[in-house]
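So the structure is just underneath, and the comments pick up after that.
The values are calculated or read from the model by the stated rules, or taken from the named source; none is laboratory data. Given the structure is predicted, the values throughout are model-derived calculations rather than measurements. So basically every Cβ, Gly included, is an ideal-geometry build from the backbone, and we count neighbours across all protein chains shown. What goes into the accessible areas is simple: the full protein's heavy atoms, side chains included, and nothing from ligands, DNA or RNA. Shrake-Rupley method; radii C 1.70, N 1.55, O 1.52, S 1.80 Å.
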Amino acid sequence: MIKSVKGTSDILAPEVLLWQYVEKTMAAVAKEYGYEEIRTPTIETEELFTTSVGEGTDIVEKEMYTFPDKKGRHLVLRPEGTAAACRAYIEHQMNLQPSPSKFYYAGSFFRYEQPQSGRKREFHSFGVEAIGESSPLQDAEVIDMVMTMLTHLGLSHLSVDINSIGDDSCRPAYKAALRSALETHVDELCSDCKRRMVENPLRVLDCKREDPLLLDSLPKSTDYLCPDCEDHYHSLLATLNTLGIPYRQNHRLVRGLDYYTRTVFEVVSEDLGAQNALLGGGRYDYLIRHLGGPATPAVGWGLGLERLISVLAARTPELIGSLTIPRAYVVHSSAATTAAFELRRTLAGKGWAVDVDVREDGFGKQLARASRRGARLALILGEDELSSATCTIKDLASGSQSSVLLTDVGAFLSTALLQEK
């Protein structure tokens, strides 16, 4: 038997209903905030991510799925969404359109890492990008948007971990101070962080193997901000206060990608224990320029759907049941096949999934199949029903049945649906 590839999974009913609900809810909120969907290819050039994400990151060094195509070009299965959105922004000259450009996207992404709960080698993300605006109010908008999305999905006790890591004006001084402090602890660092200390000491703050007390003792990025970065950061915090969005300044938060500048943040839930982060994001004002486009400020975030959906399924297990569409099953004689198909067409939009039996055998066998399929109602069309332009509707749970005019079946199902709710 051929099985799925390690680190991938099939999403089957009824769980897929929860995926559809989450994606639909988040997309609806994004549209209400003025964001438009963007769909980028699953395959991109390797250079896009070595340039954007950073060659010293775990993603590029250890996790990317890279391969040559038949002409020897180095391609990659996309490991994240921001760089691809920025590539599209440059390629299609969106800088010539009114700013900011606001996108949302959902899709599959790929990283070669050890599979675990909520983390797959093929995983799914929902993300947003606002490109072309440097105001801290834009940072606040993308944070406010995701808090609205998560609230609509029924999550509570949400807050934001936030930090500023400065920009090219002030970050070099912070890196120097951080590197100097790390040199006094070099013997305590893991092998990866000894290298990161030289290449990019901010990566050390993101390492899960280091002693938390050591990391807490290191210099804080906010103590080295230039006036512009400090103003931006404090303006953002003031806006979050005004909006009533709870936050905590986390001086160890740097995020795992090299393209971030100034604002970095994660949304966490107090209800989720130690692994409480639901998503992360930040500002990346230099990325589009580094990819060959014009200097363009931008901010965004990405959310892992596996993690979110596992949280929702655990916290509100009844949610999947509430999303299930009730099923009706058309049982019919061979003479009523055309009428059965026509009836199903007329029932579109009534809130029921309608099966038509295609085996054309006895009513008893069709009713048995209807029960096995989990149907609530059987819509029976035989010669008597055809002659009277009616349909016999049988409740498969109670056994009761009613004769209804064909023209009234839709109204009957709508009423039955309201009674269930």
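When you scan segment 242-311 for strands (runs of 3 or more DSSP E) that lie fully inside it, which ones turn up with 1 or more residues that are β-branched (Val, Ile, Thr)? It would help to see each step written out before you state the result.
Values: elements: 247-249, 261-269, 277-283, 298-304.
Because the criterion is at least 1 residues that are β-branched (Val, Ile, Thr), the strands (runs of 3 or more DSSP E) in segment 242-311 that meet it are 261-269, 298-304.
Please tell me if ARG289 is more than 24 Å from LEU417 (Cβ to Cβ), assigned by TED's automatic domain parsing to the domain that holds TRP19, open to solvent by 40 Å² or more (accessible area, probe 1.4 Å) and of a type in the set (D, E, K, R). When the stated conditions are applied, ARG289 passes them. If you go through segment 305-322 one residue at a time, do you hit one that is modelled with pLDDT of 95 or more and either in the same structural domain as ALA370 (by TED's automatic domain parsing) or β-branched (Val, Ile, Thr) (or both)? No, that holds for no residue. Scanning segment 105-146 for residues that are open to solvent by 50 Å² or more (accessible area, probe 1.4 Å) and free of Cβ contacts under 8 Å to residues at least 40 places away in the same chain returns GLN114, GLN116. You will find that of ALA336, ALA378, the residue that is farther than 20 Å from ALA13 by Cβ, open to solvent by less than 70 Å² (accessible area, probe 1.4 Å) and part of a helix (DSSP H, G or I) is ALA336 and no other. Among residues belonging to segment 256-275 that are open to solvent by 50 Å² or more (accessible area, probe 1.4 Å) and touching a helix residue (DSSP H, G or I) at 6+ places or on another chain (Cβ under 9 Å), point out the one that is modelled with the highest pLDDT. Within segment 256-275, the match that is modelled with the highest pLDDT is ASP258. Scoring SER398 on the criteria (1) farther than 16 Å from ILE325 by Cβ; (2) of a type outside the set (Val, Ile, Thr); (3) in contact (Cβ under 8 Å) with a residue 40 or more places away in the chain leaves a single failure, condition (3). The residues in segment 173-211 that are touching a Lys or Arg at 6+ places or on another chain (Cβ under 8 Å) and either surrounded by fewer than 17 Cβ atoms within 10 Å (Cβ to Cβ) or not in a helix (DSSP H, G or I) (or both) can be counted, and the count is 7. For segment 267-303, the set of residues classified as more than 30 Å from GLN97 (Cα to Cα) and in contact with a strand residue (DSSP E or B) (Cβ under 6 Å, 6 or more places away or on another chain) consists of VAL267, VAL268, SER269, ASN276, ALA277, LEU278, listed by residue number. Condition (residue is under 21 Å from MET64 (Cβ atoms), under 14 Å from the mean Cα position of the chain (by Cα), in the same structural domain as ILE245 (by TED's automatic domain parsing) and of a type outside the set (S, T, N, Q)) applied to segment 127-137: is it met by at least one residue? Yes, segment 127-137 contains a residue that is under 21 Å from MET64 (Cβ atoms), under 14 Å from the mean Cα position of the chain (by Cα), in the same structural domain as ILE245 (by TED's automatic domain parsing) and of a type outside the set (S, T, N, Q).
All told, VAL358 falls short of being outside any helix (DSSP H, G or I) and open to solvent by less than 50 Å² (accessible area, probe 1.4 Å). On inspection, ASP168 does not qualify as among the acidic types (Asp, Glu), open to solvent by 20 Å² or more (accessible area, probe 1.4 Å) and in a helix (DSSP H, G or I).
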